[in-house]
1. Go through segment 127-147 residue by residue and tally those that are crowded, with 19+ Cβ neighbours inside 10 Å and under 14 Å from the mean Cα position of the chain (by Cα).
2. Is it the case, given these coordinates, that Lys73 is buried (at least 22 other Cβ atoms within 10 Å of the Cβ) and either farther than 18 Å from Tyr150 by Cα or not assigned by TED's automatic domain parsing to the domain that holds Val26 (or both)?
3. So, in segment 33-45, of the ones that are part of a helix (DSSP H, G or I) and in contact (Cβ under 8 Å) with a residue 12 or more places away in the chain, which residue ends up surrounded by the most Cβ atoms within 10 Å (Cβ to Cβ)?
4. One residue is enough: does segment 12-25 have a residue meeting the conditions closer than 24 Å to Ile131 by Cα and assigned to a loop (DSSP other than H, G, I, E, B)?
5. Out of curiosity, is Lys174 in contact (Cβ under 8 Å) with a residue 12 or more places away in the chain, more than 15 Å from the chain's Cα centre (by Cα), assigned to a helix (DSSP H, G or I) and assigned by TED's automatic domain parsing to the domain that holds Leu59?
6. Need pairs with beta-carbon distance below 6 Å; first residue in contact (Cβ under 8 Å) with a residue 60 or more places away in the chain and within segment 65-83, second surrounded by fewer than 16 Cβ atoms within 10 Å (Cβ to Cβ); sequence gap 6+ or separate chains.
7. With charged (D, E, K, R), out of contact with any Cys (no Cβ under 7 Å at 6 or more places or on another chain) and in contact (Cβ under 8 Å) with a residue 60 or more places away in the chain as the only criterion, which of Asp21, Asp99 stands out?
8. Taking Asp183 and the conditions (1) touching a Ser or Thr at 6+ places or on another chain (Cβ under 7 Å); (2) surrounded by fewer than 16 Cβ atoms within 10 Å (Cβ to Cβ); (3) not in a strand (DSSP E or B), which numbered condition does it fall short on, given that it satisfies the others?
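The values are calculated or read from the model by the stated rules, or taken from the named source; none is laboratory data. Given the structure is predicted, the values throughout are model-derived calculations rather than measurements. Cβ placement follows ideal geometry from the backbone for every residue including glycine, while neighbour counts extend to all protein chains displayed.
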Amino acid sequence: MQQVNVEAGKKYSLEEYIKIDEEGTVRHEYYNSKLFEMPGASILHNNICLQLHFTLRSLLKLKGYQVNVESVKVKIENEEIYLYPDVLVTGEKLQTTNDYVVYQPILLAEVLSDSTRKYDSTDKFILYQKISSLRYYMLIEPEKHVVIFYEKDDAFEWSAKTYTELTEVVSLSKLQAEFTLADIYS
């Protein structure tokens, strides 16, 4: 891997973007021909991502779901937009070992930071809602026990619930799984 220089404001083709992201040391999100560098993450952010990944993987692997953390892109349906969630769950069967993109996530999660809080909770969530397969979206505060959990029902309406106690149970009914906040904040 090498450092790849990306010019601010320059438009890149999808092929150029994929090559830059595969060969470079810095991840970028792709938004209608423009690249946006992904900020680095704190150790706490990384630990929560890994703990959520471990928890979900333990619950879902034997049910045929894949759980990925931080380095797999999600494509927004009917858009030339590719985003990096912190954690994702899909039942999609990847075609090759070179797949870098998930098209049908079921769950997406973002661990918030001062630099991403507004983007993750508004702009990114608006884009994620365009993914028809998405049923769950989670926003996780790293420095306090707060998880904002969005769920899409069978009528395709989103509802939100906020969890603040380590003993509270987050139910993923469509995946027949549940976990507590303590599972991700341990």
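1. 9
2. Details: buried (at least 22 other Cβ atoms within 10 Å of the Cβ): yes; either farther than 18 Å from Tyr150 by Cα or not assigned by TED's automatic domain parsing to the domain that holds Val26 (or both): yes.
Yes.
3. So in segment 33-45, the residues part of a helix (DSSP H, G or I) come out as 43-45.
From what is left, the residues that are in contact (Cβ under 8 Å) with a residue 12 or more places away in the chain are 44-45.
Values: Leu44: 12, His45: 21.
Filtering first and then ranking leaves His45.
4. Checked segment 12-25: at least one residue is closer than 24 Å to Ile131 by Cα and assigned to a loop (DSSP other than H, G, I, E, B).
5. Numbers: in contact (Cβ under 8 Å) with a residue 12 or more places away in the chain: yes; more than 15 Å from the chain's Cα centre (by Cα): yes; assigned to a helix (DSSP H, G or I): yes; assigned by TED's automatic domain parsing to the domain that holds Leu59: yes.
Spelling it out, Lys174 is indeed in contact (Cβ under 8 Å) with a residue 12 or more places away in the chain, more than 15 Å from the chain's Cα centre (by Cα), assigned to a helix (DSSP H, G or I) and assigned by TED's automatic domain parsing to the domain that holds Leu59.
6. What qualifies is Tyr65/Gly91; Glu80/Asn32.
7. Values: Asp99 fails: in contact (Cβ under 8 Å) with a residue 60 or more places away in the chain.
Being charged (D, E, K, R), out of contact with any Cys (no Cβ under 7 Å at 6 or more places or on another chain) and in contact (Cβ under 8 Å) with a residue 60 or more places away in the chain holds for just one of Asp21, Asp99, which is Asp21.
8. Just one mismatch for Asp183, condition (2).
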